[in-house]
């Protein structure tokens with residue numbers, strides 16, 4: 001029972017990081033503009049920072065999807081999410097007259113709402129996973145968990161993207 005709950009939490013966190021990765025990778029220029037809007041990195045370092053961010057989110061997706069890197073993946077996720085929260089708080093403080101938002105998930109707007117709360121919930125999930133005793137998975141189980149996670153998460157993201165694109169296309173049609 002406990003291992004099923006751990007798998008579901010891993011799957012949920014893996015889905016979060018894959019959704020963030022997928023949304024940012026598909027709109028790379030928007031990611032660069034978003035990073036620039038935080039005003040913490042010099043212009044020539046924005047593209048490398050964007051690439052590092054994408055790689056770190058993809059690596060966290062793989063780590064959570066496979067169940068590998070016990071406790072290390074949770075610590076890395078906590079650090080990354082805390083960093084996101086601190087940077088968003090800084091951006092909001094600098095843009096007092098403007099409403100600073102998060103566009104971490106591109107067109108998946110419901111995930112862009114309340115980014116501080118969302119990140120804090122995922123930080124709590126990761127911290128909770130660190131408290132729960134767990135065990136290393138066999139190579140076969142790691143492979144099976146990775147396959148199931150990839151099919152579930154990537155399949156869901158592709159379907160969401162397809163339906164959003166189809167809905168946009170439908171609204172853009174001109175009735176003749």
Which one is modelled with the lowest pLDDT, of the residues in the range 129-149 that are within 17 Å of residue 12 (Cβ to Cβ) and surrounded by 12 or more Cβ atoms within 10 Å (Cβ to Cβ)?
134
Could you tell me whether the range 113-125 includes any residue that is touching a helix residue (DSSP H, G or I) at 6+ places or on another chain (Cβ under 9 Å), surrounded by 16 or more Cβ atoms within 10 Å (Cβ to Cβ), modelled with pLDDT under 90 and at positive phi?
no
Working carefully through the options 58, 21, find the one that is crowded, with 19+ Cβ neighbours inside 10 Å and touching a residue at least 24 places away in the same chain (Cβ under 8 Å).
21
Residue 152: loosely packed, with under 14 Cβ neighbours inside 10 Å, touching a helix residue (DSSP H, G or I) at 6+ places or on another chain (Cβ under 8 Å) and either part of a loop (DSSP other than H, G, I, E, B) or at pLDDT 85 or above (or both), yes or no?
no
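The values are calculated or read from the model by the stated rules, or taken from the named source; none is laboratory data. Predicted model, so just to flag it, every value in this text is computed and none were measured. Neighbour counts are summed over all protein chains in view; Cβ atoms, including those assigned to glycine, are modelled from backbone coordinates with ideal geometry.
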